[in-house]
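Colleague: Dumping the structure here so I can ask a few things about it.
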Amino acid sequence: MSLLAFGVNHATAPVELRERISFVEDTVPETLTDLTRERGVAEAAILSTCNRTEIYCHLDQPTDPSLLHWLSDHHGLQHEQLRPFVYLHQDEYAVKHVLRVASGLDSMVLGEPQVLGQLKHAYQIAVNAGSIGKYLSRLFQHSFRVAKEIRSSTMIGAHPVSVAFAAVRLAQQIFGDLSTRTALLIGAGETIELAARHLRENGLERMIIANRTVERSQKLAQEFSAYAIPLADIPSHLAEADIVFSSTASQLPILGKGAIERAIKTRKHRPMFMVDIAVPRDIEPEAGELKDIYLYTVDDLKDVIQENLRNRKQAAVQAGEIINIQVLEFMDWLNSLDAVSTICALREQANDIHEDTLIDARRKLRAGANPEKVIQELSNSLTNRIIHQPTAQLRLAGTEGRKELLLAAQELFNLKLENPHKKSDK
């Protein structure tokens with residue numbers, strides 16, 4: 001029996017290769033069925049994101065399922081094309097790897113929380129596909145619990161290290177509760193999409209999305225129940241915005257100081273938090289001189305991010321210590337399963353002896369035998385039959401000089417032996 005974690009990630013393989021071996025979600029259930037037909041693979045799950053493709057397996061026999069060959073064949077690659085980029089972790093190292101992935105310690109952005117949701121989703125797909133059993137189920141559930149413990153007992157998630165997340169966190173510091181605020185997001189690229197996601201996760205409900213291509217802003221607006229407008233309509237909506245994030249590819253400023261000053265007057269000098277993530281800048285720098293305007297640039301956020309990254313690295317050390325302890329806990333459970341099968345076999349053997357002896361005793365009682373004598377014979381028979389095989393094995397061990405088995409029996413049965421060389425007092 002063995003656990004495996006196998007695959008590639010952002011640190012071991014270029015994006016061109018990661019793209020070629022990624023799995024489309026709709027095909028994963030069928031792929032898992034195919035994988036569990038491989039020799040020795042009893043359970044399997046697949047995690048496939050833009051940064052990693054990993055396969056988690058429980059093997060029910062000591063065999064090499066040749067996952068490298070399976071993965072390369074599945075995606076139409078030569079084995080040697082894939083071999084230099086893959087890693088394979090086994091048993092306690094596989095457990096440690098999964099815990100690190102769940103906790104964000106193996107991510108491109110240290111400590112990011114998104115991968116935990118992706119791992120939970122991969123687990124659910126495998127459960128629905130019927131490719132998860134007690135070993136991987138226990139491993140995934142353990143990893144979810146450990147990730148939660150690390151989030152609650154360390155500061156690894158308290159320091160934003162993405163531009164969008166840092167911007168949202170700064171907005172919270174200025175306004176506190178975001179639920180009653182309105183955000184104007186200018187642009188519709190990845191950074192703006194991520195900012196929208198973070199804002200929604202932190203309770204903000206009203207968003208206006210402006211973009212040069214209205215179709216793109218409408219698509220993003222639909223995802224977040226926002227209101228889409230063209231860039232030309234920004235001046236008429238600017239005064240509504242408590243928060244403004246801008247990230248476009250424009251070569252000229254989108255927002256000038258004059259337009260912002262007019263918006264502030266309309267707002268009766270209620271503060272406005274603005275983040276200019278674009279290079280070249282979308283917001284005229286002079287706008288930062290206005291009263292009640294809090295204007296941050298991407299360089300300002302980088303300083304915040306670098307400081308937060310240092311803090312995350314310190315928290316990651318604590319998280320690593322927690323993971324080391326939790327790996328041992330999981331392996332203790334895993335190793336205990338070996339004892340369970342032995343205990344079950346021992347109990348079954350003892351129950352067979354019990355039933356046979358009891359049947360014999362009842363037969364004698366029905367034949368009219370003396371009950372006291374039957375009980376005595378029952379007791380003697382049970383004792384002799386239960387200790388017969390162990391006694392024979394211990395005698396053989398003594399003859400063969402296998403002292404380790406004798407010592408193990410003494411510990412197993414808690415035997416207190418008198419010193420055979422001690423002189424009698426008599």
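Colleague: Quick one: how many residues across region 282-305 are modelled with pLDDT under 90 and either farther than 14 Å from G111 by Cα or in a strand (DSSP E or B) (or both)?
Modeller: Going through region 282-305 one residue at a time, the tally reaches 8.
Colleague: Scan region 110-124 and report the pairs whose first residue is over 17 Å from K313 (Cβ atoms) and whose second residue is polar (S, T, N, Q) and not in a helix (DSSP H, G or I), with Cβ atoms within less than 6 Å and a gap of 6+ or a chain change.
Modeller: V115/S107; Q118/T49
Colleague: Which of the following residues is buried (at least 21 other Cβ atoms within 10 Å of the Cβ), in the same structural domain as R267 (by TED's automatic domain parsing) and over 20 Å from H237 (Cα atoms): A183, A167, A210?
Modeller: Checking each option against the conditions leaves just A167.
Colleague: If we scan region 240-259, do we find a residue that is surrounded by fewer than 16 Cβ atoms within 10 Å (Cβ to Cβ), under 22 Å from A166 (Cα atoms) and out of contact with any strand residue (DSSP E or B) (no Cβ under 8 Å at 6 or more places or on another chain)?
Modeller: yes
Colleague: Restricting to region 330-368, name every residue that is surrounded by fewer than 12 Cβ atoms within 10 Å (Cβ to Cβ) and among the acidic types (D, E).
Modeller: Matches in region 330-368: D332, D338, E348, D352, E355.
Colleague: Then there is this: Only residues that are assigned to a loop (DSSP other than H, G, I, E, B) and either closer than 19 Å to T213 by Cα or among the hydrophobic types (A, V, I, L, M, F, W, C) (or both): list them for region 244-279, please.
Modeller: Within region 244-279, S247, T248, A249, S250, Q251, L252, P253, I254, I277, A278, V279 meet the criteria.
Colleague: Take region 126-145 and flag every residue that is aliphatic (A, V, I, L, M) and crowded, with 21+ Cβ neighbours inside 10 Å.
Modeller: Of everything in region 126-145, those that are aliphatic (A, V, I, L, M) and crowded, with 21+ Cβ neighbours inside 10 Å turn out to be A126, I132, L136, L139.
Colleague: Could you check M155 against (1) within 30 Å of M274 (Cβ to Cβ); (2) outside any loop (DSSP other than H, G, I, E, B); (3) touching a residue at least 60 places away in the same chain (Cβ under 8 Å) and say which number it fails?
Modeller: (2)
Colleague: Hey, another quick one. Do we have any residue at all in region 392-409 that's surrounded by 10 or more Cβ atoms within 10 Å (Cβ to Cβ), in a helix (DSSP H, G or I) and acidic (D, E)?
Modeller: Within region 392-409 (the criterion being surrounded by 10 or more Cβ atoms within 10 Å (Cβ to Cβ), in a helix (DSSP H, G or I) and acidic (D, E)), the answer is no, since none of the residues qualifies.
Colleague: Going by the structure shown, is S225 outside the structural domain of R37 (by TED's automatic domain parsing) and of a type in the set (S, T, N, Q)?
Modeller: yes
Colleague: For F273, are the conditions met, namely being under 30 Å from L105 (Cβ atoms), modelled with pLDDT of 90 or more and outside the structural domain of K96 (by TED's automatic domain parsing)?
Modeller: It is false that F273 is under 30 Å from L105 (Cβ atoms), modelled with pLDDT of 90 or more and outside the structural domain of K96 (by TED's automatic domain parsing).
Colleague: So if I check each of L238, L252, L204, L231, which one is over 30 Å from the mean Cα position of the chain (by Cα), of a type outside the set (K, R) and under 24 Å from R169 (Cα atoms)?
Modeller: L238
Colleague: Taking region 143-163, which residues are of a type in the set (G, A, S) and closer than 15 Å to E329 by Cβ?
Modeller: S143, A147 - these are the residues of region 143-163 that are of a type in the set (G, A, S) and closer than 15 Å to E329 by Cβ.
Colleague: In this structure, is Q172 without any contact (Cβ under 8 Å) to a residue 12 or more places away in the chain, of a type outside the set (A, V, I, L, M) and in a helix (DSSP H, G or I)?
Modeller: So Q172 fails the test.
Colleague: Can you name the condition, by its number, that I322 falls short on among (1) surrounded by 16 or more Cβ atoms within 10 Å (Cβ to Cβ); (2) β-branched (V, I, T); (3) in the same structural domain as G256 (by TED's automatic domain parsing)?
Modeller: Of the numbered conditions (1) surrounded by 16 or more Cβ atoms within 10 Å (Cβ to Cβ); (2) β-branched (V, I, T); (3) in the same structural domain as G256 (by TED's automatic domain parsing), the odd one out for I322 is (3).
Colleague: From N351, N324, which residue is in contact (Cβ under 8 Å) with a residue 40 or more places away in the chain and of a type in the set (S, T, N, Q)?
Modeller: Residue meeting the stated conditions: N324.
The values are calculated or read from the model by the stated rules, or taken from the named source; none is laboratory data. Please read all numbers here as calculations on a predicted model, not as lab measurements. No Cβ is skipped: glycine too gets one built from the backbone with ideal geometry, and neighbour counts run over all protein chains shown.
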